[in-house]
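The values are calculated or read from the model by the stated rules, or taken from the named source; none is laboratory data. Predicted model, so just to flag it, every value in this text is computed and none were measured. Here the Cβ is made from the backbone with ideal geometry for all residues, glycine too, and neighbour counts use every protein chain on show.
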Amino acid sequence: MLFIIITLIIIVLIIFLTILLLPGMAFFNKMSDQKYNADEKDLLTGILTTAISSKEATGEVMTTFVNESRKTMPAKIYLPNKDNIEQIESGTQVLIIESKAGIAYVIPYQQTIY
């Protein structure tokens, strides 16, 4: 019986401390998090992680920022494109032409060295 009472007291104490300390933890978390807002010019290139099988299909592109953090976003083929691209395979490096409503519009990209 004594064991049950001690267990209940410990459980109530843990719940009470959690409720008491939760606002403090949330405040600390909010103050210690550093926000990183990527500049649009950092989102120029990426690698297609999911293939785009047609002009209407949606794939996924992964971009890497200067600080080596990665971001993935839905991707579609940019229209109109002069090469009349119908599909893009997974693993292809792409150039992000524009981003609307969280969707990156891309075309294949190959870096050239002058």
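Miscellaneous remarks
- Any chance residue 8 is in a helix (DSSP H, G or I), modelled with pLDDT under 90 and on the phi < 0 side of the Ramachandran plot: no
- Pair list, Cβ under 9 Å, 6 or more apart: segment 89-114 residue on the phi > 0 side of the Ramachandran plot and at pLDDT below 90, other residue surrounded by 12 or more Cβ atoms within 10 Å (Cβ to Cβ) and not in a loop (DSSP other than H, G, I, E, B): 102/73; 102/74
- The one condition in (1) exposed (fewer than 13 other Cβ atoms within 10 Å of the Cβ); (2) modelled with pLDDT of 80 or more; (3) among the basic types (Lys, Arg) that residue 55 fails to fulfil: (1)
- Selection within segment 64-109 - aromatic (Phe, Trp, Tyr) and assigned to a loop (DSSP other than H, G, I, E, B): 65, 78, 109
- Subset of segment 58-70 (residues that are touching a residue at least 24 places away in the same chain (Cβ under 8 Å) and either surrounded by 15 or more Cβ atoms within 10 Å (Cβ to Cβ) or of a type in the set (Asp, Glu) (or both)): 59, 61, 63
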